[in-house]
Structure formats: structure tokens, C-alpha cells
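Laboratory data are not the source of any read-out in this text; all were calculated from the coordinates shown. On a predicted model such as this, the values are computed, not experimentally measured, just so you know. When we count neighbours, we look across all protein chains shown, and the Cβ atoms used for this are built from the backbone with ideal geometry, even at glycine.
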Amino acid sequence: MKPESRPSSQQPSLGDALFLPDFCNIRVIFLVVLIAELLAFVLALAPQVSSNNLWERLGIISMFVQWVTLVNAALLCGLRPLFKKQTHTMVATTSFLIILVVTALLTEVTMRLALFVGLESVLPSASHADFLFHNVAIGAIVSAIALRYFYMQHQLTRRIKAASHARFEALQARIRPHFLFNCMNTIASLTRTQPALAEEVTEDLADLFRMSLADVGNQISLNDELALCRRYLNIEKLRLGDRLNIIWKIDELPDTATLPSLTLQPLLENAVYHGIEPRQQPGTIEISGKHVGDAVEFMISNPAAQSRSSRRDGNHMALDNIRERLKATYGEEASLTSETVDGRYYVAIRLPVSGTTP
């Protein structure tokens, strides 16, 4: 049999991402405008001014601060494609200088506009040069703090993603040795008596290995994941015989649904490993799935483990890893819960139909 070629996957680089937030995003702009307005309130309340001209002062400061904020956001948004090719130091230096230049230019415009419309009373009594220096100094301090915060937040997110990536890669790459050995024994026993079935099992095992060694961030269709789950359960059914019963209750699922590869299969592997293998009597694994609104919901149930042991602890570790993986991919749109009810262990998973990475 000619092996199927698979394109080599490369681990994504976690350090090349731009540390600045996406100022083209409307939600980011809203947060920046809100923070800028809070800064305007602080600047308006800082001097000891009478309440008669406080609101006039707040108005002109707000206009100035928001003007500076939106112009800088527009420039940083436009320069984002160029920034992606530069180092963090170059991006930070360029952004800092842009903010200072914009602050200085708009200080001049605001001051002349206030004089033109007759709002001299809200301008400070300091000289022109002192007023310009005052605004540029505030801009320098605020921008330095903001850029430092963005960089530290980026580094923290990068470390979290790196740790999560390592855990997810270990989860995807692992095929329990006992399963591999048992599968090879099954194939060997079928080679002489049922060679066609042995070839089918070998192909199923190859598909499992192919998906296990694929890129951690690889997204596949839900139908492909379910097909892989059926291949896995077919292998286990051949090995366990009448001890394993499988019930599928899958409604019509959307064709657009995708999910990270090997999301459901490890849950079925846990169901076999913890719910079926330790039992002498037959057990049933039930898999149900349905399309609810803008999400797909799955429920996997199996006989509960008869005793608490290290095997059960491993089950919780796998569930925690998958839960973190879903959170990293879909944020709060996906969930995974588990519980034991009336002697059966249930795992419920909810996925958005078309989720994107946050």
C-alpha cells in the first residue's frame, strides 16, 4: 500500500506577533476612546478651577485628547502592516515618536482654535512654549506607560500560549502505548483469518496516527472528526467484542462546523479506557450530537469508573487539557463539562458553528 503523503506542518511562531493591539478593531477603538475620556476628566479636575468654567475646560480638553487619540489610532492602524515586519524596539520607538509629533501638532491647532472661537479663559496662563511642553510631556508619559503595558501584556499572552501549545501538542501526539500494542495484536490475529479486515484496521490506525501527528492548530470539519471517531471505535470494537456497545444519536450537523483536530476522539478514548476496559460485564458508550442555534452540542456517556484511582486522575487531566484547548481557540464560546449521574459518567461539549481564535 502506497503511503499517503502529508504536507509538513510547522509549529507556529509565537514571538513574531505584533505587540500593539489592533487599532483597526472597533472594540479596541471604543476602549481607547473611553480611557482617553477618563484621562480628560483627570486633567480637567487636576487644577483648582471654579465650577463656572470647569465644563468648558473639560469640553476643550476632551476635544483635544480625543482628537489626539483618534488621529494616533488611525495612523497606527494604517501602519500595522509595516509594523508586522519590524522588531518590537522599532515598533515601540516609531509609535512613541508618532504620538509625540501628533500631540505637538494638535496642541498648536487646539490652542489656535480656542483663541479663534474666544475661549481664552479655558487656556492655561502659561506661555506658549510651556503649554506645548506640558502637553508633549503628558503625551510622552502616557504613551510610554501604554506601550510598556501593551508589550508586557503581549509577553504574558505569548508565554501562556507557549505553555498551552506544549500541553496541546502532548495531548494530540499521545496515543496510549497499551492501545497501540493491543491494536497491533488485533491486526496480527486478523492477518491470516480475515486479511481484508486486517487491512481496514491498519488504514484506520494510520488515520489515527496521521491526525495525532498533525499541527496542533489544525482545524478540521466536524464530519471528518466524527469519521475518525468511528474508525477508532471500530478498532476497539474488534478488540473488546461484546464488552463494548456503541450507540450513536447524531442529528444533522452543519457542514460549516469545524473544530481543532482530535477534540472528540480523546474523549471516546477516555470512555473506553476508564469506563469499559476495567469492567468484566458489557458496557455501553453513547454519543449524541445536535445543532442548537449557533452552536453544536455533544454528549458522551459511559459507565462510571467503579473505583477512584490514578486512571481516573488521568481522565481529569485529559479533560482539563481539552478544556484549555477549546478556551484558547474559541474563548468563552465553547465549554466542556463532566458529571457522574446514576452510575454513568457524562461529558458535555459545546462548540460554536463557526468560531474564530480570539
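Near the amide H of VAL296, under 5 Å away, which other amide H atoms are found, from residues 5 or more places off or on another chain, if H is placed in the peptide plane?
Those lying under 5 Å, H to H, from VAL296 are LEU351, VAL353.
Less than 17 Å apart at the alpha-carbon level, and either on another chain or at least 8 residues along: which lysines does that give for LYS290?
LYS249
Which of the three applies to region 184-306, rounded, prolate or oblate, going by the alpha-carbon gyration tensor with a ≥ b ≥ c and a/c under 1.5 meaning rounded?
It comes out oblate by the Cα gyration axes.
As a footprinting exposure proxy, order THR329, THR157 by other Cβ within 10 Å, with the fewest listed first.
Values: THR329 23, THR157 13.
Listed from fewest to most nearby Cβ atoms, that is THR157, THR329.
Please identify which residues in region 217-249 have an amide N closer than 17 Å to a label point set 7 Å out from the Cα of LEU197, following the Cα→Cβ vector.
Only 231-246 pass the distance filter.
Can you give me the long-range amide H partners of LEU244? Hydrogens built in the peptide plane at 1.01 Å from N, cutoff under 5 Å, separation of 5 or more residues or another chain.
GLY283
Return LYS85, LYS237 ranked ascending by Cβ neighbour count within 10 Å, so the fewest neighbours appear first. It would help to have the intermediate numbers written out before the result.
Working: LYS85 10, LYS237 16.
Listed from fewest to most nearby Cβ atoms, that is LYS85, LYS237.
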